[in-house]
Amino acid sequence: MKEPAGRHESRRAANARKRISRRPSRLGTPAGATAKPDRVSDPDAGFPALLGRVWQQAVRAATPRAALDVLLTLDGHVPAGVQLRALGMAEQAALAALFGVSWHDPDTPDAPDARDAPGTPGTPGTPGAPGSPAGPAGADQTEPPAAFLGQIGLTRSGRIALRTPGARPLDPRDLVGAALRVPYDHTALTAFGHHLDHARTRHADSVADCRAWLSEQGPTGRTALLTQAREAALRTAPFVLHQEDTQYTNFRGHNTLTGKTLWPGHPDCALSALQHLPFDLWSDQDVQLVVCLTLLIHSAGFGRIEEANGTQLTTGHIAYTLERARRAYNAVPGPDPVPAAASQRVADLDRLAAQLRARRRELAGHAQLYREIHGPLMHKVERVAAALGAPARAREDAVAHHLSARLPLTATTLDGLGRELAAAPGWLARPHRTFATGLESLVYESVAATADAFGADFAMSRGMRSLPDLVRALRGENWAEICDWDITRFFCCVVPRPAAAAHFGHSPAALADAAWAMSSRMQYNSWHFVASNLPRVPEVVDRDHFVPPLLPDIAFFSDQHHHGHVSNHVRFCLRSPQSVTVDGRRFDGFTDLRLLRCAGDPFDEQDLLAAHRVSALIAHATSLAARLVAGGTPLEVTAFDAGWHQRAVTGPAAASGHARRAS
């Protein structure tokens, strides 16, 4: 790691420093010197374990319909609508024929809502519905033989798999456990054929419309759309999208889009492969991919793509997503409502997308948008929050009273504290209590107060260590220097509540290690976002970075895919990113406030509203500190390193004992 500017260190000293462990439980000892790892990851933990439990629940279900309900929600872990929208045409036709289940009610464009109960009740008397004589596999064999025996299974990627009439048996290598048999009678087969014919006709019309719209864009317009889509794949969090059985992803495994595995322009990237390919040679799937990504981006930027995560990428599904957003935006009192799209043709959907983007900007200051994140399928849903209620105010009051008791401030509301800070910010640059600066003290006290007030197992907030270095680099337009800074130039203050040790073997040392692991990861997040706020010079474009988040979010069951989340039991999360102004430049995602719970209940909307106001106070203080620095006041954040987390979590006595052993 590179030393901050102005601090000289020999290469030998730097290499020696890098060989020293920063894990709190082994602080100061050579890295990698232990006989075995402290913890060994269970290969079946996280998502594989969840899928195994889900499948066992489905097997124990009384009927195929009951098993379907378990699979649609992954036994209560995701909204049913996501799984329904992940199915291909034949699979959708099968569920409609067998159970009367569809992702889309033609009379209600917004149904089924992500918060609704799973699916739609099966029609009594249809095969597999409650009370049906067909029942589950192994049911009464005296019934007339089925006209066709289908299958239903769960893939290792978490999708439902169906063997439909005319299709080959499911490949057991792709499944979690063996598939269940699902009988079709002649009535179900007739219904299946009808639904499938209708779906194929609708699909063919949609593909033709997509081709016509892209053709109208001309070569230059299509090139611009491809460039935009590639940039979105490169600068956006992982997503997995489907076109029938084709998967488009920048996530793990076999990537098909530019991301962490495929560099920009890689020939295996589906979008890069289209760059010089004659338009009439584009596949139907690639045509829909480009059109649907364009509509999502036009409606809300790159982040909207994650609202299609895990689903089929068709204009019908995009219309569903845009209509859901339209209804949510129109529910906020204000300007004239956004009219519904005249049809599901691309031109009409694109006009709606542009109107939604404009309305979304108008909502700023009138309503709080946020996202729900459903961890098992990485699916996001944009919501409009209700008004601040009594639960949120109680959380706020608890934090404000804590801060007024611990900081040189007297106000007992967050708004009042913000005004006091603005009136006399000088103490942020001076020592306070055990911290070298008041800013450090404010960050710590805010995080600690939030952990207690919200009943979180961990709370944390991140930022940049040297605002003076940032101001200097900005004034010199040293964009390459900023891009070259490593994660040690950033900090994250993580405060676990003592009770959280129960999730780590009741070991304070293990709790401190978990806190430091989280801190390191959050330092990486700061590093990952900062470059996106700089001019798009070559050094910035070439630097790995994501577009920073602007909306707060609540995550459910995050302990599935991310290895750090699995290892550290990060189950329920709340994140509130904030922008900070430094020497006249706005830095989105510069700081945030995060809360997490390892078990128990998830955070809710009122928690989010209150936490967002606490994080706004931290961002306000950071902007005031940056203004002091711009005026010539030195201010460095030196706390919140590995040693600080070791002392803060395990206590002074343990820390001094460890220091004696290390020496």
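The values are calculated or read from the model by the stated rules, or taken from the named source; none is laboratory data. All values derive from a computational prediction rather than experimental measurement. Heads up, the Cβs are rebuilt from the backbone with ideal geometry, glycines too, and the neighbour counts pull from every protein chain shown. Please note that ligands, DNA and RNA were not included when accessible areas were found on the heavy atoms of the full protein model with its side chains. Shrake-Rupley method; radii C 1.70, N 1.55, O 1.52, S 1.80 Å.
Structure summary
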{"read-out": "Search result, residues across the stretch 398-417 that are part of a loop (DSSP other than H, G, I, E, B) and open to solvent by less than 60 Å² (accessible area, probe 1.4 Å)", "value": "Leu407, Leu409, Ala411"}
{"read-out": "Residues (of a type outside the set (Lys, Arg) and more than 23 Å from Leu608 (Cα to Cα)) located in the stretch 442-477", "value": "Met464, Ser466, Leu467, Pro468, Asp469, Leu470, Val471, Ala473, Leu474, Gly476, Glu477"}
{"read-out": "Cross-chain or 6+ apart pairs with Cβ under 9 Å, the stretch 49-75 first and free of Cβ contacts under 8 Å to residues at least 12 places away in the same chain, then of a type in the set (D, E, K, R) and in a loop (DSSP other than H, G, I, E, B)", "value": "Ala49/Asp42"}
{"read-out": "Residue match in the stretch 579-599 (condition: out of contact with any strand residue (DSSP E or B) (no Cβ under 8 Å at 6 or more places or on another chain) and assigned to a strand (DSSP E or B))", "value": "yes"}
{"read-out": "Restricting the stretch 319-339 to residues that are touching a residue at least 24 places away in the same chain (Cβ under 8 Å) and among the aliphatic types (A, V, I, L, M), the residue that is most open to solvent (accessible area, probe 1.4 Å)", "value": "Ala331"}
{"read-out": "Residue in the stretch 418-429 that is under 18 Å from Gln578 (Cα atoms), surrounded by fewer than 20 Cβ atoms within 10 Å (Cβ to Cβ) and in contact with a His (Cβ under 8 Å, 6 or more places away or on another chain) present", "value": "yes"}
{"read-out": "Test for Ala510: is it open to solvent by less than 10 Å² (accessible area, probe 1.4 Å), part of a helix (DSSP H, G or I) and either more than 29 Å from Ala385 (Cβ to Cβ) or among the aromatic types (Phe, Trp, Tyr) (or both)", "value": "no"}
{"read-out": "Scan of the stretch 518-572 for residues that are farther than 16 Å from Thr591 by Cβ, in a helix (DSSP H, G or I) and under 16 Å from the mean Cα position of the chain (by Cα), ordered by number", "value": "His563, Gly564, His565, Val566"}
{"read-out": "Residues that are in a loop (DSSP other than H, G, I, E, B) and either open to solvent by less than 10 Å² (accessible area, probe 1.4 Å) or of a type outside the set (A, V, I, L, M, F, W, C) (or both), drawn from the stretch 41-77", "value": "Ser41, Asp42, Pro43, Asp44, Gly46, Thr63, Thr73, Leu74, Asp75, Gly76, His77"}
{"read-out": "Ala611 vs. criteria open to solvent by less than 20 Å² (accessible area, probe 1.4 Å) and either in a loop (DSSP other than H, G, I, E, B) or not β-branched (Val, Ile, Thr) (or both)", "value": "yes"}
{"read-out": "Candidate set from the stretch 538-567 (those that are over 20 Å from Ser526 (Cβ atoms) and either modelled with pLDDT of 90 or more or of a type in the set (Phe, Trp, Tyr) (or both)); member that is least open to solvent (accessible area, probe 1.4 Å)", "value": "Ile554"}
{"read-out": "Hits in the stretch 480-494 (condition: outside any loop (DSSP other than H, G, I, E, B), within 22 Å of Pro577 (Cβ to Cβ) and open to solvent by 20 Å² or more (accessible area, probe 1.4 Å))", "value": "Ile487, Thr488"}
{"read-out": "Sole residue being open to solvent by 20 Å² or more (accessible area, probe 1.4 Å), at pLDDT below 95 and under 29 Å from Pro577 (Cα atoms), chosen from Ala354, Ala364", "value": "Ala364"}
{"read-out": "Test: residue in the stretch 210-232 that is in a helix (DSSP H, G or I), on the phi > 0 side of the Ramachandran plot and without any contact (Cβ under 8 Å) to a residue 24 or more places away in the chain", "value": "yes"}
{"read-out": "Residues of the stretch 241-284 satisfying the condition of being part of a helix (DSSP H, G or I), within 20 Å of Ile305 (Cβ to Cβ) and without any contact (Cβ under 8 Å) to a residue 24 or more places away in the chain", "value": "Ala273"}
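Each row is one residue, and each column tells you yes or no for (1) over 17 Å from Ala626 (Cα atoms); (2) of a type outside the set (Gly, Ala, Ser).
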site	(1), (2)
Asp397	yes, yes
Leu414	yes, yes
Arg419	no, yes
Gly426	no, no
His432	yes, yes
Leu439	no, yes
Val443	no, yes
Gly463	no, no
